[in-house]
1. On the given criteria, is B:Ser173 more than 15 Å from B:Gly85 (Cβ to Cβ), assigned to a loop (DSSP other than H, G, I, E, B) and either touching a residue at least 60 places away in the same chain (Cβ under 8 Å) or in contact with a helix residue (DSSP H, G or I) (Cβ under 6 Å, 6 or more places away or on another chain) (or both)?
2. Here is a check on your reading of the model: is A:Met73 more than 8 Å from chain B (Cβ to nearest Cβ) and either in a helix (DSSP H, G or I) or free of Cβ contacts under 8 Å to residues at least 40 places away in the same chain (or both)?
3. Is it fair to say B:Val246 is more than 14 Å from chain A (Cβ to nearest Cβ), assigned to a helix (DSSP H, G or I) and not small (Gly, Ala, Ser)?
4. State whether one or more residues within segment B:205-215 are without any contact (Cβ under 8 Å) to a residue 60 or more places away in the chain, within 14 Å of chain A (Cβ to nearest Cβ) and outside any helix (DSSP H, G or I).
5. Go through (1) within 7 Å of chain B (Cβ to nearest Cβ); (2) over 18 Å from B:Arg248 (Cα atoms) for A:Asp124 and report which single condition fails.
6. Would a scan of segment B:219-232 turn up a residue that is surrounded by fewer than 17 Cβ atoms within 10 Å (Cβ to Cβ), within 14 Å of another protein chain (Cβ to nearest Cβ), in a helix (DSSP H, G or I) and in contact with a helix residue (DSSP H, G or I) (Cβ under 9 Å, 6 or more places away or on another chain)?
7. Could you identify the single residue in A:Glu221, A:Glu184, A:Glu192, A:Glu165 that is surrounded by fewer than 18 Cβ atoms within 10 Å (Cβ to Cβ) and either within 14 Å of chain B (Cβ to nearest Cβ) or among the aromatic types (Phe, Trp, Tyr) (or both)?
8. May I ask you to verify whether B:Ala279 is away from chain A (no Cβ under 11 Å), crowded, with 23+ Cβ neighbours inside 10 Å and farther than 19 Å from A:Phe113 by Cα?
Amino acid sequence: MSTLLEVSGVSVSFDGFRAINNLSFRIGVAEMRAVIGPNGAGKTTFMDVVTGKTRPDEGHVLWGEKSQSLLKMSEAKIAQAGVGRKFQKPTVFEDQTVEENLLMALKKPRGWFAVLAYRPSEHDLEHVVELAKEIGLSNALTRKSGELSHGQKQWLEIGMLLAQEPRLLLVDEPAAGMTPAEREQTTAILVEAAKTRAVVVVEHDMEFVRRLNCKVTVLHEGAVLAEGSLDHVTSNQDVIDVYLGR
Amino acid sequence: MQRSFIARNPSVLLFLALLALFTLVVTVLSEGFGVGVISTSFVKTLGKTLCLCLVAVAMDLVWGFTGILSLGHFAFFGIGGYMIGMWLMYERTRLIVVQSLSQAEIPPTPTEVVDAIGNQIFGVVGSSEFPWIWGFADSLFLQLILVVLVPGLLALVFGWLAFRSRVAGVYLSILTQAMTLALALYLFQNDSGLRGNNGLSGLQNLPNVSAPQSVVSLWFFWGSAFALAIGYLLAAWLVSGKFGSVIRGIRDNEARVRFLGYSVEIYKLMIFTLTAMIAGIAGALYYPQAGIINPAEIAPIASIYLAVWVAIGGRGRLYGAVIGAAFVSLLSTWFTGGQAPDIQLGFYTIKWVDWWLVLLGLSFVGVTLFAPKGMGGLVDLWTARRTPNRHGADLGPDAGSLREAEAKQ
């Protein structure tokens with residue numbers, strides 16, 4: 001399988017504290033990957049590096065078929081290249097309707113002039129309706145997203161990610177604070193998305209990871225501790241020590 | 001979504017209609033063209049108020065919608081005033097000089113005319129040389145371009161430096177305030193080329209116009225009303241579509257917008273520059289009505305007032321900014337003009353000229369704490385009454401659940 005994202009030898013330190021230590025990671029074009037690890041393992045920092053929020057001290061982050069370096073690009077450029085990110089806390093634009101949120105995320109030119117001249121076409125509006133259906137918010141299109149429940153906001157954010165049509169989805173704890181039924185639907189959305197693109201899910205909840213049924217990367221102290229199927233990594237002695245030894 | 005712009009924003013049409021009605025009523029009641037109930041000086045006050053409303057709309061765009069608390073927009077307003085003031089002063093002085101020199105036996109050379117104008121304008125700061133910034137002062141057309149160009153360029157350069165380094169929030173406010181203060185202090189110097197603390201004066205006298213002030217004041221009043229209408233329309237159009245979504249997104253969560261692939265810095269820069277230009281235009285209409293501009297007008301306190309108006313009026317909605325600016329500035333004129341009656345407390349007399357600022361400060365704190373939507377929020381009370389509310393509906397989904405009235409028992 002061809003590689004979409006390759007992170008090699010990346011280190012990040014904040015005031016002397018090494019949040020990420022010589023981390024290497026790669027993911028294919030259409031692959032689901034769960035990243036687990038105890039608190040402070042560097043999961044969020046890893047996402048920050050890939051999305052351009054944090055510049056690593058050393059290492060490479062290469063993207064796509066042309067192996068383009070992401071380190072020189074701004075956050076906006078990286079997002080335009082096809083990296084979508086979902087934050088841990090649901091961050092939707094609460095002051096705006098579900099429809100406006102989704103329209104803003106739709107894959108369209110991002111320049112201010114193009115945005116100024118933009119008027120949603122029939123096709124765009126249909127696309128938004130389809131997306132809303134997919135995330136179970138068909139009836140809420142005209143509602144302010146601030147009125148939605150926690151789980152619905154999470155879905156809306158996933159819907160916005162899908163609207164961006166990214167090639168790589170970085171999802172931070174998508175199931176946090178969800179009911180079991182909501183979790184199931186979230187799993188279904190993510191599994192469906194992973195058929196056509198790369199999805200990286202950061203999650204604490206083992207049960208959720210098991211349901212994703214994918215390769216797992218365990219991070220610890222900013223480096224990869226183990227990688228493989230969930231059963232493989234959970235039987236790894238190092239992983240047991242890290243998780244249970246604390 | 002496919003309906004026309006006005007249909008989607010009925011408040012814009014309502015606003016324009018009210019503005020047109022207001023303009024008409026003032027014209028009919030004025031001394032210049034009407035029955036003379038409203039004095040010329042009050043027409044000027046109203047015209048100036050419209051300009052303040054326009055700069056408040058600009059402030060609302062940049063602060064209420066994009067979330068950049070700029071404390072420098074009144075500086076752009078002042079710059080616009082200076083730019084038009086330079087031409088007004090130059091041209092009027094030229095006419096006087098030409099007339100007085102025409103008495104001379106030998107016709108004056110162009111250089112002599114320019115020197116005499118320089119002497120007239122800059123004598124007050126002990127100079128007679130034209131500084132380079134007056135290079136275009138003889139051309140109305142060029143100075144009118146400078147009205148938008150100078151504030152725009154200043155905002156562009158300043159914004160580019162600030163936004164590129166990701167300066168945001170309170171630090172940006174401080175930075176804009178520092179810029180404003182630096183500009184004001186610079187202009188206070190006699191050798192700044194703009195007559196130091198004397199400023200530019202006599203701006204109400206238009207060169208080559210023999211019409212009385214009662215008529216001229218109405219021209220400017222109409223001009224200000226027209227500019228406000230256009231500015232309001234432009235602002236409403238900007239914030240209505242996807243562009244509005246993006247800038248409100250920037251206000252609420254900048255990082256999220258960035259990760260959606262929008263370059264936040266460019267958007268901020270665009271809005272900052274555009275609103276600076278609008279402020280420049282407002283200033284260019286304001287100062288010929290005020291008659292005088294000096295560096296004190298640019299002092300940071302003016303920009304703070306601007307923020308206070310927008311906050312009291314209600315930020316994040318355009319008519320809120322207009323209401324706030326109009327209400328507070330007219331009230332301020334009333335209180336500080338000595339028209340408000342003093343309050344005798346026996347042991348102390350409250351003179352509003354001194355106490356108005358205290359009242360304004362308290363109401364600002366009050367609005368911020370208790371009515372963050374400002375005066376514009378009152379409109380919500382009215383619209384909420386027209387939309388069906390949920391009172392009287394079942395409290396729960398089951399058929400057997402209590403109704404609201406029952407639940408109260």
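Nothing in this text is a laboratory measurement; each read-out follows from the coordinates by a stated rule. Please read all numbers here as calculations on a predicted model, not as lab measurements. Note that each Cβ is placed from the backbone with ideal geometry, even for glycine, and that neighbours are counted across all protein chains shown.
1. On the way: more than 15 Å from B:Gly85 (Cβ to Cβ): yes; assigned to a loop (DSSP other than H, G, I, E, B): no; either touching a residue at least 60 places away in the same chain (Cβ under 8 Å) or in contact with a helix residue (DSSP H, G or I) (Cβ under 6 Å, 6 or more places away or on another chain) (or both): yes.
Against the criterion (more than 15 Å from B:Gly85 (Cβ to Cβ), assigned to a loop (DSSP other than H, G, I, E, B) and either touching a residue at least 60 places away in the same chain (Cβ under 8 Å) or in contact with a helix residue (DSSP H, G or I) (Cβ under 6 Å, 6 or more places away or on another chain) (or both)), B:Ser173 does not qualify.
2. Numbers: more than 8 Å from chain B (Cβ to nearest Cβ): yes; either in a helix (DSSP H, G or I) or free of Cβ contacts under 8 Å to residues at least 40 places away in the same chain (or both): yes.
Yes; evaluated as a whole, the condition is true for this residue.
3. Working: more than 14 Å from chain A (Cβ to nearest Cβ): no; assigned to a helix (DSSP H, G or I): yes; not small (Gly, Ala, Ser): yes.
No.
4. Filtering segment B:205-215 for residues without any contact (Cβ under 8 Å) to a residue 60 or more places away in the chain gives B:209-211.
Next, from what is left, pick out any that are within 14 Å of chain A (Cβ to nearest Cβ): none.
No, there is no match, as no residue in segment B:205-215 is without any contact (Cβ under 8 Å) to a residue 60 or more places away in the chain, within 14 Å of chain A (Cβ to nearest Cβ) and outside any helix (DSSP H, G or I).
5. Against the list (1) within 7 Å of chain B (Cβ to nearest Cβ); (2) over 18 Å from B:Arg248 (Cα atoms), A:Asp124 comes up short only on (1).
6. Residues of segment B:219-232 that are surrounded by fewer than 17 Cβ atoms within 10 Å (Cβ to Cβ), as a first pass: B:219, B:222, B:226, B:230.
Keeping just the survivors that are within 14 Å of another protein chain (Cβ to nearest Cβ) gives none.
No, the conditions are met nowhere in segment B:219-232.
7. Values: A:Glu221 fails: either within 14 Å of chain B (Cβ to nearest Cβ) or among the aromatic types (Phe, Trp, Tyr) (or both); A:Glu184 fails: either within 14 Å of chain B (Cβ to nearest Cβ) or among the aromatic types (Phe, Trp, Tyr) (or both); A:Glu192 fails: either within 14 Å of chain B (Cβ to nearest Cβ) or among the aromatic types (Phe, Trp, Tyr) (or both).
Unique residue meeting the criteria: A:Glu165.
8. Details: away from chain A (no Cβ under 11 Å): yes; crowded, with 23+ Cβ neighbours inside 10 Å: yes; farther than 19 Å from A:Phe113 by Cα: yes.
Judged against the criteria, B:Ala279 is a match.
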